[in-house]
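Presented below is the structure to which this report refers.
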Amino acid sequence: MDDFLAPVQDVLEGQIDFHGQRIAEYLSTALLILSGFIAFLVGYINEDIHLTLWVGLAGTIITGLAVIPPWPMFNKNPERWLVPVAGIAAGVTVDGVKVA
């Protein structure tokens, strides 16, 4: 069962790197501004506020689908963490007690 759930967990965990977070932020800002502008133009041309709201909602949903899932393009530059060295304690003291 774990062999089946491991890939699903990897997909749903949402692992993205710092560069991917920056891309997602820029992408969401650009898409929301663009969809708001398009919604305004469509509503202004058709003189229909109801249509403006529907186009804006569609743009928001499209933005969510582009940004919320952890797409592979958001994890192209993962951080390389240091490998722990065996036998060397961190030497951290918390409330007078040494923590390894």
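The values are calculated or read from the model by the stated rules, or taken from the named source; none is laboratory data. In this text, all values refer to a predicted model and were calculated from it rather than measured experimentally. With ideal geometry, Cβ positions are generated from the backbone for all residues, glycine too; neighbour counts draw on all protein chains shown. All accessible areas refer to the heavy atoms of the entire protein, side chains included, with ligands and DNA or RNA removed. Shrake-Rupley method; radii C 1.70, N 1.55, O 1.52, S 1.80 Å.
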Scanning the range 69-100 for residues that are at pLDDT 85 or above and of a type in the set (S, T, N, Q), which turns out least open to solvent (accessible area, probe 1.4 Å)? 75
Single residue of the range 1-42 satisfying the filter (modelled with pLDDT under 95 and over 19 Å from the mean Cα position of the chain (by Cα)) that is least open to solvent (accessible area, probe 1.4 Å): 6
Are any residues in the range 1-27 part of a helix (DSSP H, G or I) and among the hydrophobic types (A, V, I, L, M, F, W, C), and if so, which ones? 4, 5, 6, 8, 11, 12, 18, 23, 24, 27
Could you grab me the full set of residues in the range 48-68 that are open to solvent by less than 40 Å² (accessible area, probe 1.4 Å) and under 23 Å from the mean Cα position of the chain (by Cα)? 56, 59, 63, 64, 66, 67
Do we have residue 45 as among the aliphatic types (A, V, I, L, M), at pLDDT 95 or above, open to solvent by 100 Å² or more (accessible area, probe 1.4 Å) and over 22 Å from residue 67 (Cβ atoms) here? yes
